[in-house]
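Inspection log for the structure reproduced underneath, given as structure tokens.
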């Protein structure tokens, strides 16, 4: 629990520092929403500590956090992508800068990694080209293709280290107000490809950490795995909503399956949060 709180604080600090550099741009036509909100979430997540891991992280956090919906920058609206900056908006194509966080884990809590360095909080930053594949709005079923290129940076306290590059093609189907209800659904498939530096972070066993049970391994760039996600948002009242998701990771065929740190071809995870809106600004912003 202590590490989970420090992970969140480090992520929040890192994103605020990066996103504070964004400049204003003309927004696309979109639904008007409060420019600022202040929220409180009871947040929980259960997921593998990394792709191919047999061990899981359980994170349970109370999260007070701000939401900002500027003309170019959004922060806090999406629990999966904590910040998003719009570079270009078209009728069918958008270019964004996205920020995502993977929580760290103590190696002493992962039997296969005992004696190795801890896995620190990992911030992923980079552009996303989003292409709308049909002409329907989200309330009628919107189909999107996203091509993401992200740089990964780990944080050990205030020390940052580059961890390589990720390429993530993603297909997403959105259905808001499904069947006339207050339920919003998303179905998302994502494939992950990584540079050697990123693969090293999770799968390499350097000679000084090799043992009889954990032989040395030199990781390589290539396919990491795929993720299928079902997301669900239910507006329970004017100020309370539930945001949850279930995920299946399919790591069969991954480049580094021979690593002694790779243990499972499949992984399951769930995430959920009850989110209270405590206050909003009178000034209006817009959804991206």
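The values are calculated or read from the model by the stated rules, or taken from the named source; none is laboratory data. Since this is a predicted model, take the numbers as computed values, not measurements. Because the Cβ atoms are built from the backbone with ideal geometry, glycine has one as well, and the counts that use them run over all protein chains shown.
A few notes on this one:
- Criterion: at pLDDT below 95, surrounded by 13 or more Cβ atoms within 10 Å (Cβ to Cβ) and more than 21 Å from residue 193 (Cβ to Cβ) - qualifying residue of 157, 141: 141
- Given (1) surrounded by fewer than 18 Cβ atoms within 10 Å (Cβ to Cβ); (2) modelled with pLDDT under 95; (3) more than 24 Å from residue 107 (Cβ to Cβ); (4) in contact with a strand residue (DSSP E or B) (Cβ under 9 Å, 6 or more places away or on another chain), index of the condition residue 135 fails: (4)
- Of the residues contained in the range 205-213, none is found to be touching a strand residue (DSSP E or B) at 6+ places or on another chain (Cβ under 8 Å), part of a loop (DSSP other than H, G, I, E, B) and modelled with pLDDT under 95.
- The range 162-183: number of residues that are at negative phi, in contact with a helix residue (DSSP H, G or I) (Cβ under 9 Å, 6 or more places away or on another chain) and assigned to a strand (DSSP E or B): 6
- A single entry from 157, 126 fulfils the requirement of being within 27 Å of residue 103 (Cα to Cα) and out of contact with any strand residue (DSSP E or B) (no Cβ under 7 Å at 6 or more places or on another chain): 157.
- A count restricted to the range 52-106 and to residues that are over 22 Å from residue 225 (Cα atoms) and not in a loop (DSSP other than H, G, I, E, B) stands at 26.
- The number of residues in the range 132-152 that are free of Cβ contacts under 8 Å to residues at least 40 places away in the same chain and part of a strand (DSSP E or B) comes to 8.
- Filtered by the rule that a residue be outside any strand (DSSP E or B) and either surrounded by fewer than 17 Cβ atoms within 10 Å (Cβ to Cβ) or in contact with a helix residue (DSSP H, G or I) (Cβ under 7 Å, 6 or more places away or on another chain) (or both), the range 230-254 gives 236, 237, 238, 239, 252, 253.
Yes or no, residue by residue, for (1) surrounded by fewer than 20 Cβ atoms within 10 Å (Cβ to Cβ); (2) modelled with pLDDT under 90; (3) closer than 29 Å to residue 160 by Cα; (4) touching a helix residue (DSSP H, G or I) at 6+ places or on another chain (Cβ under 9 Å):
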site	(1), (2), (3), (4)
23	yes, yes, yes, no
26	yes, yes, no, no
40	yes, no, yes, no
49	no, no, yes, yes
54	yes, no, yes, yes
66	yes, no, yes, no
83	no, yes, yes, yes
89	yes, yes, no, no
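- Single match in 227, 204 (criterion: surrounded by 14 or more Cβ atoms within 10 Å (Cβ to Cβ) and free of Cβ contacts under 8 Å to residues at least 40 places away in the same chain): 227
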